[in-house]
Amino acid sequence: LMESTLFGHERGAFTGADRAHIGAFERANGGTLFLDEIGELPRELQPKLLRALQERQIQRVGGSGTKAVNVRVVSATNRDLETASTEGTFRSDLYYRLAVVEVCLPALRDRSGDLRPLIAHLLRSHQGPTHRVRGVTEEVALVLAAWHWPGNVRELSNVLARAIPFSDGPIIGMDALPKALQSAAPSKKVELGP
């Protein structure tokens, strides 16, 4: 299934393949393909991805020919791929092919200064026809900045999405937050950024 998602498949390639499917590489041809959680890619699929990156060609599942693709690949992971390649759980040649430019993004709990712009962006992305929330109270901002965010930005996004329908007006107050956050008082001075 993952191979078909990336490279596509031909009709009849496997049970249920009643028509041809264009994969992510073909759809991204001439552009950028983002591969999230690349560290979770199954070991048996890693050489096929490496081949696609090196040769700039893909072969659909069940296909006999190859198709040229021009794709810039950006990938993300929460795993240390350099260590995984040393331990043999991630192919080192694939790691070095992907690690052209590496950007290490600290966990959300370590960058509370980014919280205000993230909240503003996430609230805009969660707007619906019946809920027009545009901000959070200062008390909520302090609680959010002090939270440990084990789920990083995804967790923040879910907390805000959950709080929107429970807000009485355009500003999220403490009552709209999940109980765990409501009971979390800031135990340290936090910097909220601009």
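Here is the tail figure for the range 30-84: Cα pairs spaced more than 19 Å apart come to 33 percent of all pairs.
Accessible area per residue for the chain in Å², computed with a 1.4 Å probe and the full protein assembly in place, what is it?
The answer is 61 Å² per residue.
In order along the range 81-93, phi translates into HN-Hα couplings of 5, 5, 5, 4, 6, 5, 7, x, 8, 9, 4, 5, 5 Hz, rounded to whole numbers, per the Karplus curve 6.51 cos²θ - 1.76 cosθ + 1.60 with θ = phi - 60° and x for Gly and Pro. Just round it to a whole percent: the fraction of Cα-Cα distances in the range 59-194 exceeding 20 Å. Result: 59 percent of Cα pairs exceed 20 Å. Rolling a 1.4 Å probe over the protein heavy atoms leaves residue 66 with an accessible area of roughly 90 Å².
Can you give me the orientation-averaged projected area of the convex hull built on the Cα atoms of the range 87-148, in nm²?
Averaged projected hull area, Cα only: 7.3 nm².
The values are calculated or read from the model by the stated rules, or taken from the named source; none is laboratory data. Predicted, not measured: the structure shown is a model, and the values here were computed from it. Ligands, DNA and RNA are excluded from the accessible area calculation, which covers all protein heavy atoms including side chains. Shrake-Rupley method; radii C 1.70, N 1.55, O 1.52, S 1.80 Å.
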